[in-house]
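The values are calculated or read from the model by the stated rules, or taken from the named source; none is laboratory data. Here the structure is a predicted model, which is why all the values come from computation and not from measurement. Please note: Cβ atoms are built from the backbone with ideal geometry, for glycine as well, and neighbour counts cover all protein chains shown.
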């Protein structure tokens, strides 16, 4: 591989990480400000409206961003494929916009909620095109453009809600800023792609549409079920307990979801390589999966220990004293990070292996688990019951998606190393409960980092991850 190619790939990966970091950092800053701006009840309404669209997003998206990366990476006529996939996306958006508009018109929700729903509906159109545009940029190694566009739109939204906070605006104002920020990112990315890559217009190709639908349908249904699984808590909490518990639950669940930037940033740049290796060399793919699995496992346990050690401080600093009641639920949700890390790997892995239909099994299992536990525990335990249901659902989701891999891949994992790292984490956390002050906790965190870096070879796994960058044969 020549130096230019190496530099190009590394830059692409770096800017994918930067874009995800901006997205996550901007998102958590927005959540922090909104949590203080809207108070727990208003924040619960915000979470409720947003959760409706996040639950429906996979159906509208058809998971075309993942399928696009896989197909475009090997397509001989990239321009035609981009036109095909954009046309299919547009058709889906027309259907979605029409149906949801009728739903808003006939809903009996208060006026401010209906206005928020309509602004979110328009925003979703731009979000969907942004997801597709980012897939194009990843394949063409131009992710730097999204870093700039995403940064501009995110910091615009931050400025918008800060002004709204100072001027005592309402929730409709918040969603208006949400709409404008998504449009800014859409306009910038669309312009850059048309000028610098291809003029990705429309192309009517029913045969290609059917192929894309067939490939994306299993992962779409799985993603919808999974998305609904982890929004069902919001709807059940609102039904039984009102807006305030929704705000408390959403605040701590958001922290857990934000942490997912780590596996997303590590793996998105490698997705084309995973897809290529899965088709060309099963032995090399097995070794690749094993190494990345172990890397994510160790990284996730470090994140979990940090959150356990400083859980009260994290909630207090991020959201203020009004959210202290969320601490118990946060402690229950912290271990979920491990399941999230590994499930993201499994989703990309099964897609690369063309086994995306198996994601249905994990999605259905998680949905049944969370819904059943929420209906039983939320009326009795409140927000903590929802956290228990979410914990169990993420565990089931990760376990089933892992078991859906070919047997030789499952057998290649070093379970002894994973078990010992968990025991080390639990032991160190138990020791921390008997100590007082920040310094002992910081020391315990440093000890664990040294253990996983040197004893369990985290440095070797990081070097292997970098070695995955290779020129295709």
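Numbers below:
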| read-out | value |
| --- | --- |
| Pairs, first closer than 13 Å to residue 183 by Cβ and not assigned by TED's automatic domain parsing to the domain that holds residue 184 in the range 141-165, second at pLDDT 90 or above and surrounded by 16 or more Cβ atoms within 10 Å (Cβ to Cβ), C-beta under 9 Å, six or more apart | none |
| Unmet criterion (only one of (1) modelled with pLDDT of 90 or more; (2) more than 23 Å from the chain's Cα centre (by Cα); (3) crowded, with 18+ Cβ neighbours inside 10 Å) for residue 387 | (2) |
| Positions within the range 374-393 being in contact with a helix residue (DSSP H, G or I) (Cβ under 7 Å, 6 or more places away or on another chain) and free of Cβ contacts under 8 Å to residues at least 60 places away in the same chain, in sequence order | 377, 384, 385, 388, 391, 392 |
| Some residue of the range 302-325 being more than 28 Å from residue 425 (Cβ to Cβ) and buried (at least 22 other Cβ atoms within 10 Å of the Cβ) | no |
